[in-house]
Amino acid sequence: MIFNSWDAVWRTLVVGVLAYGALVLLLRVSGKRTLSKMNAFDLIVTVALGSTLATILLNKKVALIEGVSAFFILIGLQYVVAWLSIRSDGFKKLIKSDPQLLFYRGNYLKEKIIKERVLDVEILQAARSSGINSMDQVEAVVLETDGSISVIKKSDSETDTLSSVDK
């Protein structure tokens, strides 16, 4: 069906603008953490927010206030999880993964590469993106908690950015 009624179109326009505005406002109030690079929990919340917005827009049975309440609950839960992970190491370990060393001082760490399901070519791509033309220039490659790959160039000083990475 291409067209139901003008009432449905107007409802979608009005509710869409209001729901979108409410979501933007709640995201702004909740702080930068909500929009940061994502870990698994952040991804779940982001997908749920998108799904909730779509439901509000397209399902006439869902009132605007119910949808905004769902936004509030999801963002509130994300805030609680972030708050708890900052204050409790046990909770942090439950929610967030640790960075993993994939390459160190000329050696690919095959066990960790296999465990983390990373391809050697992805490590090389990260090196190229960092302006590296030879792995001889690389001290370490780290799979970060958000899934990105960091490349640390060799230097004369001791590398302390690797202090939190399991070697």
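The values are calculated or read from the model by the stated rules, or taken from the named source; none is laboratory data. All of these numbers come straight from a predicted model, not from anything done at the bench. Cβ sites come from the backbone with ideal geometry, for glycine too, and all protein chains shown count toward neighbours. When the accessible area is computed, the model is the full protein with side chains, heavy atoms only, and any ligands, DNA or RNA have been set aside. Shrake-Rupley method; radii C 1.70, N 1.55, O 1.52, S 1.80 Å.
Just to confirm, what accessible area per residue do you get for the chain at 1.4 Å probe, in whole Å²? Let's see the in-between values first.
Numbers: 11400 Å² over 167 residues.
About 68 Å² of surface per residue is accessible.
Go through 140-151, 59-70 and give me the packing order, highest mean Cβ count within 10 Å leading. Working shown, then result.
On the way: 140-151: 18.6, 59-70: 14.0.
Descending mean neighbour count gives 140-151, 59-70.
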Inset, instruction - Tell me the label-point distance for the pair Ser155, Ile114, using the 7 Å Cα-to-Cβ offset, in nm and rounded to one decimal. - result: 3.4 nm
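Measure up Lys110/Lys153; Lys93/Lys115; Lys60/Lys96; Lys61/Lys96; Lys92/Lys115; Lys96/Lys153 against 28 Å on the Cα-Cα distance and list the ones that go over. Could the numbers behind the result be given before it?
Values: Lys110/Lys153 20 Å; Lys93/Lys115 18 Å; Lys60/Lys96 37 Å; Lys61/Lys96 36 Å; Lys92/Lys115 21 Å; Lys96/Lys153 26 Å.
In this structure, Lys60/Lys96; Lys61/Lys96 lie more than 28 Å apart at Cα.
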Legend entry - Label-point separation, Asp146 to Ser69 (7 Å along Cα→Cβ), nm: 3.4 nm
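Working out 0.36 nm times the residue gap between Ser5 and Leu25, then minus their Cα-Cα distance, what length gain in nm do you get to one decimal? Present the calculation step by step, with values, prior to reporting the outcome.
Numbers: separation 20, 0.36 × 20 = 7.20 nm, distance 3.03 nm.
Value of the extension gain: 4.2 nm.
For the stretch 59-167, give the percent of accessible area contributed by carbon and sulfur heavy atoms, probe 1.4 Å, rounded to a whole number. Intermediate results must be reported in sequence, preceding the final value.
Working: 3970 of 7270 Å².
Ligands and nucleic acids excluded, carbon and sulfur give 55 percent.
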Legend entry - Extension gain, Ala40 back to Lys60 (0.36 nm per residue minus Cα-Cα distance, nm): 4.1 nm
Inset, instruction - Name the helices (complete DSSP H segments) of the chain with a Cα length along the long axis of 24 Å or more and a Kyte-Doolittle mean of at least 0.0, or state none. - result: 6-30, 40-58, 64-87
